[in-house]
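*Asks:* Have a look at this one.
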Amino acid sequence: MKKITFLVYGFFILWSLVSFAQDGAVKGRVLDGAFPLPGATIQLSGTQKNASTDFEGNYTITGIAAGNYEMTVTYLGYEKASQSVSVEAGKVTPVPNIIMKSTTDELEEVVVSANASRRLSEAKALNIQKNSISIVNVIAADGIGKLPDRNAAEAVQRIPGVSIERDQGEGRYVAVRGLPAEWSSTTMNGNRLPTAADEGASRATAFDFFPTEMIGYVEVAKALTPDIDADALGGSVNFITKTAPSKFTADATIGAGYNEKTNKGIYSGSVLVGDKSKNGKFGYIVNLSQWNRNWASDNFEARRSGDEGVYRLELRDYTGERQTTGFNGGFEFNPNEKNKLFVKLNYGKLLDKELHYKHRIRFDKFNDATGTGRVELQNIYNELNFDFYGAEVGGKHIGNKGVLDWSAAHYSTEFYYGNVPDSKNNSYYSVFFKQDGVGFNPAFIEDRGNGPRAYWNTDGGTMNTGNMFDYLSDSNFQDSADKMNFTTLELYKVNVKERDNIVATVNYEFDANDDLKLKFGGKFRDKDRRATFADEFYNWTGNGATPKLSDYGQYNILQPGRTDYLNELGTNIGNSFGPVLSKNGMNQFYHDNFSNGNLTLSEADSEILENGGGLGRNFDVDETHTSGYGMATYKISDKLTFLGGIRATYTYTKVTGYQFDVTDENPDGVLSGVVKTKKYLSLLPMVHLKYTPEENTNLRFAATRTFTRPDFGYLVPGGTYIAADNEYDGGNPDVNPTYAYNFDLMGEHYFGKLDVVSAGVFYKIITDPIFMDTRQGNVNGHTGVEVSQPLNGDNAWLFGAEFSGNKKFDFLPGFLNGFGVQANYTYTKSEMTIPGRAGKTSLPRQGKHLANAQLYYEKGRVNVRAAYNFKAKYITEHGTSGLKRDDVYYGDYSALDANISFKLTNHFTLFAEANNLLNQKLEYYYGDESRPKQVELYGIRGQIGVKWSL
């Protein structure tokens, strides 16, 4: 806290000194009607001084000699505007709002001009990009609303070089320029958020909890400047929440739809209210969003060991209901023209009620003599919760020479399971049964010395995705409730809570002279993360016979949606599924048997701390990040601008976990606590050049250094040592962060009213990437131990090329001039060496090709868009053998979404939207597509609704 206090006092003293200089300053706002125009350029006549408006349309120019000036305002797609201003020494002069007039023909139509907040989203985004010195892409709220993207992650998938990773068909993680999601920074209002979004231990932020209705703008910085948190190798994606409008505004949306795979409904609604007082001193915005949807997915997953074929095939049938709730509140107070104070409050919640039936086909239990094998049934129910809370208070203070801004924020996230099966055992809850003696078709099963297996084509076998379910063609294959015997009950317990207790930021920017602008600042973050985990298995020890599924006859149901299971693959396998336990049946089984002694914990099967299990999932992290930076923006000439500086970030990490040792002296194992710390300073220089040969053409070059901290899961202290096997499996709190030198060259040209083409290349030299290693070493005095833990690997590199274009066909006659197209393509190639593995391989989750295309029609009352998204295959896991057949790939994935809206009146708009129209399967595979590991299908969903705007 002393560091923060010293930092704040220092900035306030400096700000006070320069504020008493006898130059003057001006401040104002550029609007389209009542709505801000970010990215407008303001030039002060007779000087080199200029400014660009921020996301709220505000601008400030400081260090102006007293006198009378003419201000010129330019904005792509709008007519040039001018304003006279008289500057007084020692004062900040407020300039009346500058109202811009559009040059775009369709905006002159009454039906469109009635609601300026929905106009020219492309213009807002393109103006910010055009005027930025660095390489950025921007989308505005009204642009997001033109497509059926329902959460923050999905909102950015249309941006060049940006891709998303999905969960149950919905966007979750954001990745930039072909690098893993945890290697990019995803922030809200400039602050990176806690990441306890699932049971993993990644630093990637999952944004499926945050609805798009909360977002004002999204800014993607692909080459960072020193005033941005630099823990981002790929880039930084900043979600900027909505702020108070300049006059009273009210919006409401309601929609209802249908999910084809569940045959059930989808419901959504949102409301927004905002206003500013007549004297402009007080402003507020409040918006609330709710999205409830029934969802389903059909999935099969193969379990195999090297080239030994598939020993188990899991047929997974998911249904559920998701509820996403979002709240955004923004409040501001402007006591005078020099000062502004604000408060931002944010809340997001994802509740996922999942009912899941899993049939496990055990090829390894096949008996060739009887021609029968085993089928296992898992009945699963859980209520997954993710809660997010955020609060920020801050201010902006304008002096005669410069501008000081500051903020203090707190963020908290928590992942946990609800009261299933009860409030004492919040779990992912499963009840297991098995049935032996089930007939399989023996033609599809072989024993090549490793036990019975099913083999794909690649292995020289007969199974492929066309006939892989023919093993069920035996007439004796039948699930039967009276032959399904209970085996075990599982309580899978996870709780992860992560908090950024305080995030304090101070920035100061001032004009040294007409050509030189200086900026420096600091940031401090205090973080803690608490994670607990247990996977408990309970076996039958009751007096009576082991229960059968038929004993719960009143709770036996036919599996929901079974007849349509995997019907996209041309199979009727669901007809083979017998009865399953209903959700009420699962609860009844628990209450009948758990508390009365019929079930006993099996420590041998369970993964709990007491037996050395889950060490990599039970650990605490306390971490502080302290950063300072300085940067200069120098206008070398009218055409060439330089931005350069350095950011220094000091990281202190303390990790508290466990060590478990099994030795001859302690055959049951000894659990002990372990505490490890690590400190490091990251020095990150950054240089940008922007060359503008003429008004509508930009060429940018950037050379930057960035880094990413190791995932929490890599930092686990301690591990498990088993003397009998002389093996140690653990984390590595000494692993170093990964750094990258980034080089970017991008060019763009604007033509017509809102048309642009851009192209560029980028190259990254990556040092110390982290990989999982197995080697011989020494542990706790034991020699020759086979040690498995994360280590830093050799250097890697990534090269990419990016192309983007936006063209409205307004040169065509009549009806046709409403058509337009947006398209972008990104190519990336990478190479890395994994010690102990022969040859080179690519970085994990780096796909070579990424493409987006939108065909749209906007004219009068009608807006129609169809958006196609493609991401090429990439490696998710590198196999330990070094052979391609053991590498796990995520296959090519394509998606097509569409939206149509029709403006009934100045206040009401009808809309219809559809997602996943191609219904392409999501798949992971070993080596190539003929050896699938996981295949999942989600079906088509859509909704219709009405929007009302005052």
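*Asks:* Please express the Cα-Cα pair-distance distribution P(r) of the range 262-380 as a list of whole percents, one per 5 Å bin, running from 0 to the bin with the greatest distance.
*Replies:* Bins of 5 Å from zero give 2, 9, 12, 11, 9, 8, 8, 7, 7, 6, 5, 5, 4, 3, 2, 1, 1, 0 percent of pairs.
*Asks:* Apply 1/(1 + (r/R0)^6) to the Cβ-Cβ distance of Asp620 and Glu665, taking R0 = 25 Å, and write down the FRET efficiency to the nearest 0.05. Numbers along the way, then the final one.
*Replies:* Numbers: r = 29 Å, r/R0 = 1.15.
The computed FRET efficiency comes out at 0.30.
*Asks:* Given +1 on the Cβ of Lys and Arg, -1 on the Cβ of Asp and Glu, and no further charges, what dipole in debye does the range 634-703 carry about its Cα centre, rounded to the nearest 20? Working shown, then result.
*Replies:* Numbers: 9 positive and 7 negative charges, 128 e Å.
In debye, rounded to 20, the range 634-703 gives about 620.
*Asks:* Quote to one decimal, in nm, the extra length available between Arg303 and Phe803 on full extension: 0.36 nm per residue of separation minus the C-alpha distance between them.
*Replies:* Working: separation 500, 0.36 × 500 = 180.00 nm, distance 4.00 nm.
Gain on stretching Arg303 to Phe803: 176.0 nm.
*Asks:* Next question, about the same structure. Calculate the FRET efficiency for Lys91 and Tyr691 from the Cβ-Cβ distance with a Förster distance of 60 Å, rounded to the nearest 0.05. Before the final figure, lay out the partial values.
*Replies:* Working: r = 36 Å, r/R0 = 0.61.
With R0 = 60 Å, the Cβ-Cβ based efficiency is 0.95.
*Asks:* Now a separate question. 5 Å is the cut-off here: which amide hydrogens, built 1.01 Å from N in the peptide plane, fall below it relative to Asn339, excluding neighbours closer than 5 in sequence?
*Replies:* Amide H to amide H, under 5 Å and 5 or more residues apart or across chains, Asn339 pairs with Ile398.
*Asks:* For each pair in Lys222/Lys678; Lys242/Lys278; Lys840/Lys921; Lys130/Lys947; Lys261/Lys483, compute the distance between the two Cα atoms and list the pairs where it is over 22 Å.
*Replies:* Values: Lys222/Lys678 29 Å; Lys242/Lys278 20 Å; Lys840/Lys921 29 Å; Lys130/Lys947 32 Å; Lys261/Lys483 30 Å.
Too far apart for the 22 Å limit: Lys222/Lys678; Lys840/Lys921; Lys130/Lys947; Lys261/Lys483.
*Asks:* With θ set to phi - 60°, apply the Karplus curve 6.51 cos²θ - 1.76 cosθ + 1.60 along the range 169-180 and write out the HN-Hα couplings as whole Hz, x wherever there is a Gly or Pro.
*Replies:* Rounded to whole hertz, the list is x, 10, x, 10, 9, 10, 10, 10, 6, x, 9, x.
*Asks:* According to the square roots a ≥ b ≥ c of the eigenvalues of the Cα gyration tensor, what is the shape class of the range 727-851, taking rounded for a/c under 1.5, prolate for a/b larger than b/c otherwise, and oblate for the remainder?
*Replies:* Working: a/c = 4.39, a/b = 3.68, b/c = 1.19.
Verdict is prolate for the range 727-851.
*Asks:* I've got another one for you. Expected output is a single nm value to one decimal: the length gained when fully extending between Asp436 and Ser277, i.e. 0.36 nm times separation in residues minus the C-alpha distance. What is it?
*Replies:* Numbers: separation 159, 0.36 × 159 = 57.24 nm, distance 7.41 nm.
Here the segment from Asp436 to Ser277 would lengthen by 49.8 nm.
*Asks:* Among Asn501, Gly939, Gln588, which residue has its Cα positioned farthest towards the positive end of the charge dipole of the chain, with +1 placed on the Cβ of Lys and Arg, -1 on the Cβ of Asp and Glu, and the dipole taken about the Cα centre?
*Replies:* Comparing the listed Cα positions along the dipole, Asn501 ranks first.
*Asks:* How far apart, in nm, are two points set 7 Å out from the Cα along the Cα-to-Cβ line at Asp167 and at Leu569?
*Replies:* Between Asp167 and Leu569, the label points sit 2.4 nm apart.
*Asks:* Mind putting a number on the dipole of the chain about its Cα centre? Charges go on the C-beta only, +1 for Lys and Arg and -1 for Asp and Glu, and I need it in Debye to the nearest 20. Please report the intermediate quantities before stating the final value.
*Replies:* Numbers: 99 positive and 113 negative charges, 655 e Å.
So the magnitude is around 3140 debye.
*Asks:* log₁₀ I(q)/I(0) of the chain at q = 0.06, 0.09 Å⁻¹, via Debye over equal Cα point scatterers, no solvent, to two decimals?
*Replies:* The calculated log intensity ratios at q = 0.06, 0.09 Å⁻¹ are -0.47, -1.03.
*Asks:* Sort Met832, Met214 so the one with the fewest other Cβ atoms within 10 Å of its own Cβ comes first.
*Replies:* On the way: Met832 21, Met214 25.
Taking fewest neighbouring Cβ atoms as first place, the list is Met832, Met214.
*Asks:* A further question follows. Residue-wise, which Karplus ³J(HN,Hα) couplings in Hz belong to the range 751-764, taking 6.51 cos²θ - 1.76 cosθ + 1.60, θ = phi - 60°, and x for glycine or proline?
*Replies:* Whole-Hz 3J(HN,Hα) from phi for the range 751-764: 8, x, 8, 9, 9, 7, 10, 9, 7, x, 10, 8, 9, 10.
*Asks:* Next question. Give, as ranges by residue number, the residues of the range 728-759 whose backbone N falls under 15 Å from the point 7 Å along Cα→Cβ of Ala823.
*Replies:* Residues 756-759 qualify, since their backbone N sits under 15 Å from the label point.
*Asks:* I need the phi-derived Karplus couplings for the range 916-924: 6.51 cos²θ - 1.76 cosθ + 1.60, θ = phi - 60°, integer Hz, Gly and Pro marked x.
*Replies:* 6, 5, 7, 6, 6, 6, 8, 9, 10
*Asks:* If the label point is 7 Å along Cα→Cβ of Lys80, which residues in the range 690-712 have backbone nitrogen under 13 Å from it?
*Replies:* Counting backbone N atoms under 13 Å from the label point, the list is 695-696.
*Asks:* Working from Cα positions, state the angle (0 to 90°, nearest 10) between the long axis of helix 2-19 and the longest principal axis of the chain.
*Replies:* Value to nearest ten degrees: 20.
*Asks:* Roughly how many whole Å is it from the C-alpha centroid of the range 523-544 to that of the range 620-644?
*Replies:* So the two Cα centres are separated by 42 Å.
*Asks:* Could you calculate, for the range 344-461, the ratio of the Cα radius of gyration to the Kirkwood radius, expressed as Rg to Rh? Walk me through the intermediate numbers first.
*Replies:* Working: Rg = 27.6 Å, Rh = 19.8 Å.
Using only Cα positions, Rg/Rh for the range 344-461 is 1.39.
*Asks:* In whole angstrom, how far apart do the alpha carbon centroids of the range 757-780 and the range 836-893 sit?
*Replies:* About 19 Å separates the Cα centre of the range 757-780 from the one of the range 836-893.
*Asks:* What is the magnitude of the charge dipole of the range 247-334 about its Cα centre, with +1 placed on the Cβ of each Lys and Arg, -1 on the Cβ of each Asp and Glu, and no other charges, expressed in debye to the nearest 20? Please report the intermediate quantities before stating the final value.
*Replies:* On the way: 12 positive and 11 negative charges, 99 e Å.
Approximately 480 debye in magnitude.
The numbers here are math on the coordinates, done by the rules we state, and not lab data. In this text the structure is predicted, and so the values were computed from the model without any measurement. As a convention, Cβ positions derive from the backbone with ideal geometry for all residues, glycine included, and neighbour counts pool all protein chains shown.
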